[in-house]
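The values are calculated or read from the model by the stated rules, or taken from the named source; none is laboratory data. Keep in mind that what you see is a predicted model, and the values were worked out from it rather than measured. A quick note on method: Cβ atoms are made from the backbone with ideal geometry, for glycine too, and the neighbour counts reach across all protein chains shown.
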Amino acid sequence: MSARSLTRRAALRAWREVNPNSTAGLQWHRQGEHITFGWDGFVAAPDLPILFARHHYETALIRRLLDGRPVSRSLEFGCGFGRLSPTFAGLSQSHVAVDINADALQAARTAYPDLSFEQIDGDHLPFPDQSFDLLVSWTVLQHVPPNKIAATVGELRRVLTSRGIVLLCEETRNVGEPTKHCWHREPGFYERAFDPLQLVESSYVEEIDRLPGTSSPGRVMLFTPAGVG
C-alpha cells in the first residue's frame with residue numbers, strides 16, 4: 001500500500017473518531033435508513049484466486065440445495081452487482097433481482113442484460129401478494145437494523161406463495177455483538193420469522209471456511225413447507 005493511501009486511511013480513521021456516525025472511508029454506508037456497500041464491501045477475499053474459489057463453492061451449494069425443486073418465479077432480495085443472479089436465474093423459470101444500490105444495479109444490468117434488476121428500498125416490495133415461490137437473501141437480512149427487520153420480513157412473506165421456499169445466507173456466529181452495519185441473529189430468529197416453513201438445511205460453507213484468509217459468508221439456511229424437505 002502506498003504512503004498516500006496509508007495517510008488517507010489514517011486521516012479517515014481520525015475523522016471517524018471525532019465524528020462517530022460518519023462512514024467515510026468504510027466499505028459500507030447508509031442510504032437513508034438502509035445500509036449498502038462500496039465495491040470492496042460486497043465480497044470479501046484476499047486475492048482473485050480465493051475470490052473465484054469462494055464463488056465456486058457458493059454457487060455449487062446453491063445448486064445442490066435448489067436443483068430439482070420446481071421454481072416458477074424467484075426473487076433475489078439484495079442482489080448487489082448481480083454476482084449470484086445468473087445462478088438463481090438458471091434455477092427458475094423467471095427471476096427478479098432487487099437492490100437499493102443504483103451503482104451496483106447499473107453494473108449488474110451491463111453484465112447481465114438478459115436478467116431483470118429493479119431498484120427498491122425494501123420497505124415496500126412492488127409486487128402482488130404471493131408472487132414468488134422462491135425467495136433468496138444472501139447476506140442481506142443481516143444488514144437490516146433491528147427496528148426494520150420485522151417489517152422487512154413481513155414484506156418478504158407477503159410476496160412468497162403459501163408453498164414457497166426460502167434460501168438465506170446470513171451471519172449467525174456472533175449474536176449480540178455490537179455493530180453498526182451487521183446484526184448477527186441466531187438461526188432460531190429466522191425459524192420464527194418464516195414459521196410455519198421448516199428449516200431443513202443449516203450449515204456454513206465449510207469449503208470457504210477452509211480457504212486461507214476468508215470465511216463462510218454466513219450460515220446457509222433452507223426453509224421449505226412441511227413435508228417437502
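Conditions (1) of a type outside the set (A, V, I, L, M); (2) within 26 Å of residue 63 (Cα to Cα); (3) surrounded by fewer than 20 Cβ atoms within 10 Å (Cβ to Cβ), marked per residue:
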position	(1), (2), (3)
96	no, yes, no
109	yes, yes, yes
113	yes, yes, yes
118	yes, yes, yes
121	yes, no, yes
128	yes, no, yes
135	no, yes, no
148	yes, no, yes
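Could you grab me the full set of residues in the range 89-130 that are in contact with a Ser or Thr (Cβ under 7 Å, 6 or more places away or on another chain) and assigned to a loop (DSSP other than H, G, I, E, B)?
Listed by number, the residues that qualify are 92, 93, 100, 101, 112, 115, 122, 130.
Looking only at the range 137-147, decide whether some residue is among the aromatic types (Phe, Trp, Tyr), in the same structural domain as residue 72 (by TED's automatic domain parsing) and out of contact with any Lys or Arg (no Cβ under 7 Å at 6 or more places or on another chain). Before you say what the answer is, go through the steps one by one.
Of the residues in the range 137-147, the ones among the aromatic types (Phe, Trp, Tyr) are 138.
If we keep only those that are in the same structural domain as residue 72 (by TED's automatic domain parsing) too, we end up with 138.
Filter again for out of contact with any Lys or Arg (no Cβ under 7 Å at 6 or more places or on another chain), leaving 138.
Within the range 137-147, one or more residues are among the aromatic types (Phe, Trp, Tyr), in the same structural domain as residue 72 (by TED's automatic domain parsing) and out of contact with any Lys or Arg (no Cβ under 7 Å at 6 or more places or on another chain).
Picking from 34, 95, 29, which residue would you name as being over 17 Å from residue 169 (Cα atoms), modelled with pLDDT under 95 and touching a strand residue (DSSP E or B) at 6+ places or on another chain (Cβ under 9 Å)?
Checking each option against the conditions leaves just 29.
Of everything in the range 64-92 that's touching a strand residue (DSSP E or B) at 6+ places or on another chain (Cβ under 8 Å) and polar (S, T, N, Q), which residue is farthest from residue 167 (Cα to Cα)?
Ranking the qualifying residues of the range 64-92, first place goes to 72.
Within the set of pairs 6 or more residues apart or between chains, which connect a residue that is touching a residue at least 12 places away in the same chain (Cβ under 8 Å) and at negative phi inside the range 67-80 to a residue that is among the hydroxyl-bearing types (Ser, Thr, Tyr) and in a loop (DSSP other than H, G, I, E, B) with Cβ atoms less than 6 Å apart?
Final answer for the pair search is 71/92; 74/92.
Taking the range 174-216 on its own, how many of its residues are under 17 Å from residue 145 (Cα atoms) and under 18 Å from the mean Cα position of the chain (by Cα)? Show your work before the answer.
Narrowing the range 174-216 to residues under 17 Å from residue 145 (Cα atoms): 174-187, 189-190, 193.
In the following step, the residues that additionally are under 18 Å from the mean Cα position of the chain (by Cα) were identified as 174-175, 179-187, 189-190, 193.
Final tally of qualifying residues: 14.
Please state which one of 157, 192 is under 23 Å from residue 225 (Cα atoms) and touching a residue at least 12 places away in the same chain (Cβ under 8 Å).
Details: 192 fails: touching a residue at least 12 places away in the same chain (Cβ under 8 Å).
Among 157, 192, only 157 is under 23 Å from residue 225 (Cα atoms) and touching a residue at least 12 places away in the same chain (Cβ under 8 Å).
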